[in-house]
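Engineer: To start, I am sharing the structure in question, which I have written as structure tokens.
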């Protein structure tokens, strides 16, 4: 099926992305330096921060000119495209280029985050962990490819990462090459949920921080979730 037949202009007023709160805090190094040493700290962070490096010189598959500057919460937007799993793929991005994944419903975000965290916990063989996440609200604007309701289910929506992620990356590359901003797709981790991925930074707008929620694993898959605050 031609991508053009699946594309539609969207103006989604609010989507939800969950980000570990540790990524939202000031650098822990701030407590270790005097005020007159902050410039040196910025230089150190600039040499190690993927986001700052991408903003300065781009990345393997990301041109720095694609990033956003001078708008509220540009840091969060640029970070989503500057960080990726160095040796593994996500469903619609891989090493060298990130993406902004979100969902329409909080419950869908919880299911997606749980799945990925539990993959990591399974790797270390210990399902005991507590992680706090902040909601990041964002509007999505632009031409997106909507694959909700496609029959048969495309291979890039296979729940097995080994089967679904490689074709998903190829599909995302074709979507971006055709000039579209991202993909609207049915959540693979929560039946009936709707997920959205922005493949270009400028499609993510009006970012604001929402509530803080805590996920606690006590030895088995399936975390306990608790809302900690109305907003962070």
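The values are calculated or read from the model by the stated rules, or taken from the named source; none is laboratory data. Quantities reported herein were computed from a predicted structural model and do not represent experimental measurements. Here Cβ is always computed from backbone atoms with ideal geometry, including for glycine, and neighbour counts include all displayed protein chains.
This table checks each residue for (1) exposed (fewer than 15 other Cβ atoms within 10 Å of the Cβ); (2) under 16 Å from residue 20 (Cα atoms); (3) touching a residue at least 60 places away in the same chain (Cβ under 8 Å).
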site: 120; (1), (2), (3): yes, yes, no
site: 130; (1), (2), (3): yes, yes, yes
site: 142; (1), (2), (3): no, no, yes
site: 152; (1), (2), (3): yes, no, no
site: 172; (1), (2), (3): no, no, yes
site: 178; (1), (2), (3): yes, no, yes
site: 188; (1), (2), (3): no, no, yes
site: 206; (1), (2), (3): yes, no, yes
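Engineer: Where residues in the range 143-159 are in contact with a strand residue (DSSP E or B) (Cβ under 7 Å, 6 or more places away or on another chain) and outside any loop (DSSP other than H, G, I, E, B), which of them is nearest to residue 194 (Cα to Cα)? Explain how you work it out, then say what you get.
Structural biologist: Quick first cut of the range 143-159, residues in contact with a strand residue (DSSP E or B) (Cβ under 7 Å, 6 or more places away or on another chain) only: 143-148, 157.
Next, only the ones that are outside any loop (DSSP other than H, G, I, E, B) stay: 143-146, 157.
Working: 143: 17, 144: 14, 145: 13, 146: 11, 157: 13 Å.
Looking at the filtered set, the residue picked out is 146.
Engineer: Quick one: in the range 56-79, of everything that is on the phi > 0 side of the Ramachandran plot and surrounded by 15 or more Cβ atoms within 10 Å (Cβ to Cβ), which residue is modelled with the lowest pLDDT? Even if it seems obvious, please write down each step before you answer.
Structural biologist: Residues of the range 56-79 that are on the phi > 0 side of the Ramachandran plot, as a first pass: 58, 70, 73.
Subsequent filtering for residues that are surrounded by 15 or more Cβ atoms within 10 Å (Cβ to Cβ) retains 58, 73.
On the way: 58: 70, 73: 88.
Looking at residues that are on the phi > 0 side of the Ramachandran plot and surrounded by 15 or more Cβ atoms within 10 Å (Cβ to Cβ), I get 58.
Engineer: Every residue in the range 64-96 that is free of Cβ contacts under 8 Å to residues at least 60 places away in the same chain, in a loop (DSSP other than H, G, I, E, B) and in contact with a helix residue (DSSP H, G or I) (Cβ under 7 Å, 6 or more places away or on another chain), please.
Structural biologist: 83
Engineer: Quick one: would you say residue 53 is touching a helix residue (DSSP H, G or I) at 6+ places or on another chain (Cβ under 7 Å) and either more than 20 Å from residue 175 (Cα to Cα) or modelled with pLDDT of 90 or more (or both)?
Structural biologist: Working: touching a helix residue (DSSP H, G or I) at 6+ places or on another chain (Cβ under 7 Å): no; either more than 20 Å from residue 175 (Cα to Cα) or modelled with pLDDT of 90 or more (or both): yes.
So residue 53 does not fit the description; no.
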